[in-house]
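Below is the structure I would like to discuss, written out as structure tokens.
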Amino acid sequence: MLTTQALPEKTPNIANECKNDAAHVSRRARLAARLKSAVASLSPRGVGGVGGVSARRVRVLPLITAMVALTATTLGTVLLPSHAHAADRLSLLCSADLEWCQLMKSRFEKETGIGVAMIRKSAGEALALLTAQRARPQFDIWWAGSGDSHLQAAFEGLTDAYRSPALSQLQPWAQRFAQVGRDRTVGVYQGLLGIGYNVAELRRRKVDAPRCWRDLLAPGLKGEIQIANPNSSGTAYVALATLVQLMGEDQAFAYMRSLNANVSQYTATGVAPGEAASRGEASVAIEFLHDLVKQRVAGFDIATTAPCEGTGYEIGGMSLVAGAAHPAIAKQFYDFALRADVQSLADQAHAYQLPSNTQAAVPKQAPQPSGIKLIDYDFARYGDPATRKRLLQRWNTEIYAHAR
């Protein structure tokens, strides 16, 4: 049985912290300079990169690591107001698309008069940030992002338990998710994992549209697929866990080793593959169907499919950060985000997930689970920190280390 860990005791010495902050300024500056240099070295597709390597083949893990490290060390002093100057200001860590994050921020501010300092990070990056800030949390609440990451935060004691008065209004899957997380997280939406492809690109290459996971191994798709890096992306971790549950671990890794030849880039964020496919920079993207639908609604020639063998899904989570400076305001946002009228606003932000509140309006374009073969996704097991760490280490060694 999974257990949560007790929160560590914290006895911060503000004077010492200020001295430490000052001592690390030069190190942060050097890290920022190296990061800037790394970003500048990347070239767009069609233009020769460093050493003639296309940007589609750039490995992003070192860059992700540098970005997370830089963010974790500077966020408290650069991006967010200090606790001393933000007595009535909510610090929000958001892992949805930026458009939806901005909508939630502005709506809460308008309704309550409370200011919101919001930072957008993918689920994997958000988890790394909360882990790095365990001793001195800079956020009050974490909203959205794949549930596996929220569960890991819950199991590691990074979040606080809370049962909202709105819990009974939620879909059964959202309530079960809260139970798995011992009420340290709750489901706010559901999204289905799938495949998207650029219709014109596949037609030009004379390649059949993929309908199944096995179709992605076709020789005609060599270098034409993008998927995110599961170290930074909750979307990609769901894909990794889905394949393991669907095929068995060893067979899934054998499949991913074969798929490696067709993957041009492991991106930092889960939505990047679909955006690249929309621009014709890739032919196929593996990500959540609702994000691919967003590209189609925007006018791009993107078609979607749910793999014939079966597929997984995410439950987007929401969690109160343990040791936060503004727990009462965080709970106010928590209850706000679970309301039916608030979840019904998602369509305005072109967010096409299935809402967790039973009374919320479902976007017309939202992919429906009916007709899709869904696996019985084991959130408890694949949200467990030890399982996640082991799978990511194996992926880094057997897959990423041999990427194109």
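The values are calculated or read from the model by the stated rules, or taken from the named source; none is laboratory data. Keep in mind the model is a prediction, meaning the values are calculated, not measured. With ideal geometry, Cβ positions are generated from the backbone for all residues, glycine too; neighbour counts draw on all protein chains shown. For the accessible areas, the whole protein counts, side chains as well, though only heavy atoms, and no ligand, DNA or RNA atoms are used. Shrake-Rupley method; radii C 1.70, N 1.55, O 1.52, S 1.80 Å.
Kindly list, by first and then second residue, each pair from a residue in the stretch 135-147 that is of a type in the set (K, R) to a residue that is part of a helix (DSSP H, G or I), limited to pairs with Cβ atoms under 8 Å and residues at least 6 apart or on different chains.
R136/E17; R136/G76
Would you please list the contacts, defined by Cβ atoms under 6 Å and residues six or more apart or on different chains, that run from a residue in the stretch 199-210 that is in contact (Cβ under 8 Å) with a residue 12 or more places away in the chain to a residue that is of a type in the set (S, T, N, Q) and surrounded by 12 or more Cβ atoms within 10 Å (Cβ to Cβ)?
So the pair list comes out as E201/S283; L202/S283.
Have a look at V271, V263 and point out the one that is β-branched (V, I, T), under 30 Å from F336 (Cα atoms) and out of contact with any Gly (no Cβ under 7 Å at 6 or more places or on another chain).
Going through V271, V263 in turn, the sole match is V271.
Pick out the one residue from V186, V207 that is touching a helix residue (DSSP H, G or I) at 6+ places or on another chain (Cβ under 6 Å) and open to solvent by 10 Å² or more (accessible area, probe 1.4 Å).
After ruling out the rest, the residue left standing is V207.
Now, a different point. In the stretch 354-379, what residues are surrounded by 17 or more Cβ atoms within 10 Å (Cβ to Cβ) and under 16 Å from T242 (Cβ atoms)?
The answer is P367, I372, Y377, F379.
Return the total of residues in the stretch 213-222 being open to solvent by 10 Å² or more (accessible area, probe 1.4 Å) and touching a residue at least 24 places away in the same chain (Cβ under 8 Å).
4
On to the next question. Condition first: open to solvent by 30 Å² or more (accessible area, probe 1.4 Å) and under 14 Å from the mean Cα position of the chain (by Cα). Now tell me which residues in the stretch 120-144 satisfy that.
R120, K121, A128
Is it the case that some residue within the stretch 195-202 is open to solvent by less than 10 Å² (accessible area, probe 1.4 Å), at pLDDT 95 or above and under 27 Å from E125 (Cα atoms)?
Yes, some residue in the stretch 195-202 is open to solvent by less than 10 Å² (accessible area, probe 1.4 Å), at pLDDT 95 or above and under 27 Å from E125 (Cα atoms).
So A252 clears everything in (1) touching a helix residue (DSSP H, G or I) at 6+ places or on another chain (Cβ under 8 Å); (2) open to solvent by 20 Å² or more (accessible area, probe 1.4 Å); (3) assigned to a helix (DSSP H, G or I) except one condition, right? Which one?
Of the numbered conditions (1) touching a helix residue (DSSP H, G or I) at 6+ places or on another chain (Cβ under 8 Å); (2) open to solvent by 20 Å² or more (accessible area, probe 1.4 Å); (3) assigned to a helix (DSSP H, G or I), the odd one out for A252 is (2).
Within the stretch 352-404, take every residue that is among the charged types (D, E, K, R) and touching a Gly at 6+ places or on another chain (Cβ under 8 Å) and give me the one that is modelled with the lowest pLDDT.
Per the criteria, the residue is R404.
Given (1) among the acidic types (D, E); (2) open to solvent by less than 10 Å² (accessible area, probe 1.4 Å); (3) out of contact with any Phe, Trp or Tyr (no Cβ under 6 Å at 6 or more places or on another chain); (4) farther than 12 Å from A322 by Cβ, identify the lone condition not met by E111.
(2)
Please name all residue pairs, on different chains or six or more residues apart, with Cβ atoms under 6 Å, provided the first residue is in the stretch 298-322 and is within 22 Å of A277 (Cα to Cα) and of a type in the set (A, V, I, L, M, F, W, C) and the second residue is surrounded by fewer than 17 Cβ atoms within 10 Å (Cβ to Cβ) and at pLDDT 95 or above.
The qualifying pairs are A303/V199; C308/R211; C308/C212.
Looking at A161, A178 in this structure, which one is closer than 22 Å to A328 by Cα and in contact with a helix residue (DSSP H, G or I) (Cβ under 7 Å, 6 or more places away or on another chain)?
When all the criteria are applied, what remains is A178.
For R59, which of the numbered conditions (1) more than 20 Å from S233 (Cα to Cα); (2) modelled with pLDDT under 95; (3) of a type in the set (D, E, K, R) fails to hold?
R59 satisfies all of (1) more than 20 Å from S233 (Cα to Cα); (2) modelled with pLDDT under 95; (3) of a type in the set (D, E, K, R) except (1).
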